[in-house]
Amino acid sequence: MFAEQMLRMVAGLFVGIWVARYLGPEQFGVFSYVLAFSAIFTSIAKLGLDTILVRELVNEPAKRDVLLGTAFWLKFISAIFVICLITLVLPLFSGNTRENHYIYIITIGLVFQSFEVVDFYFQSQVVVKFVSVCRVLQLLLSSGVKIYLMLNNADLMWIIYVSLFDQITLAIFLCVAYFIKNISNLPIFHFELEIAKKLLKDSWPLILSSMMVLIYMRIDQLMIKEMLGEREVGVFSAAVRLSEVCYFIPVILVTSLFPAILNAKNIDENMYLYRLQRLYTFLVWVAVTIAIVITVISDWLVILLYGEVYHMAGSVLKIHIWTSVFVFLGVASGRYLVSENLQYLAFWRTASGAIINVGLNMVFIRVYGIVGVAVATLISQVCAAYLFDLFHKKTRTQFVMKSKSFLMLK
């Protein structure tokens, strides 16, 4: 997983930065706006089933086929629903016909995300090598296609089509991995209404919280586009892409280590909390180290990678990179909430962050421009991933543990 994500980071920097330089701030702003708009609705199509399905596959391995089949059809139906929903929502925004067409291209690919259930099965078995190989192959293919398009001076529309191509090829690779492993035929003909109800009952808070996460991580770009213009979206997105490069670190660490933390809970509660505290402390100081380094070199880094035309992104990056500290904490504590069956708190946590972010953006964008957006994002992350825990009795111990992590206390 780490090797895959390192390769993804390198490819994202190399190809992603090449795309930004190739398109220029305005066209890159259109590209980023379309991806941000689509991402918010992607959270609905995923139905918050990712961690729930992994948990159920671990707890009830005998129901593997019916769990995978039911989750597949839930995701497929939700993807169709989202495509219809976007058709109704798009006219409310000021995007032109071209941008709307781009959004439709990307959202069609949501149908193929139904095959992600294969990924969740491998996660439940702690056999992620096969999925990592699939994602590496898809990444190499995608990067190669993008490079070919840029070398041949392709229009932005063709780069948008690559997003759809990525989703189709990943679905194919995942299915191939499932068959190579000789598990069984992919159980797409299995569906059980009672299991569907149970999955949705457990996941609905995560649907809302995932949507809220994407709203307060992507609403910035939508608001910048509406209030400042496409060029500013491009410059801001360039900084955010550099800032978010390191977000794979907590995902990998938490995915790999949390099963061991949960196992400790069955043995001894104190061992469980001790391991969780160690994870929080480690994540915080990895993020702080990264943030310090990027803050020092941000201006030089932006000009080196993107060129002088993106120079304002350096000021944004200096601030936005510090959100990684609280994103790292949020990833780990999000798994904790699921393990304790407190998914509803995940929703309220992210909802509070989204509301604070939108409110601050309304003020800061007009006064400070895109730098103000970075400040609003940082404040909202602090409130959602850290301060929120102080105000609920079931998470107050988590607030204490997170506070200790900043002081490197065990």
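The values are calculated or read from the model by the stated rules, or taken from the named source; none is laboratory data. Because the structure is a prediction, the values reported are computed rather than measured. Cβ sites come from the backbone with ideal geometry, for glycine too, and all protein chains shown count toward neighbours.
Brief remarks follow.
- Residues that are within 30 Å of N59 (Cβ to Cβ) and of a type in the set (F, W, Y) are absent from region 365-374 altogether.
- Test: residue in region 35-49 that is at pLDDT 80 or above, in a helix (DSSP H, G or I), farther than 19 Å from E244 by Cα and not aliphatic (A, V, I, L, M): no
- Positions within region 343-362 being farther than 30 Å from F236 by Cα and out of contact with any His (no Cβ under 9 Å at 6 or more places or on another chain), in sequence order: Q343, Y344
- Being at pLDDT below 75 and part of a helix (DSSP H, G or I) holds for only one residue in I195, I183, I188, I172, and it is I195.
- Some residue of region 335-355 being closer than 16 Å to S243 by Cα and assigned to a helix (DSSP H, G or I): no
- Cβ-Cβ contacts under 9 Å between residues 6 or more apart (or on different chains), taken from a first residue in region 290-318 that is in contact (Cβ under 8 Å) with a residue 60 or more places away in the chain to a second residue that is among the aromatic types (F, W, Y) and surrounded by fewer than 15 Cβ atoms within 10 Å (Cβ to Cβ), are listed as G314/W300.
- Restricting F347, F326, F388, F364 to residues that are under 21 Å from R275 (Cα atoms) and of a type in the set (F, W, Y) narrows the list to F326.
- Selection from region 303-318 of residues that are more than 9 Å from S243 (Cβ to Cβ) and either in a helix (DSSP H, G or I) or touching a His at 6+ places or on another chain (Cβ under 9 Å) (or both): I303, L304, L305, Y306, E308, V309, Y310, A313, G314, S315, K318
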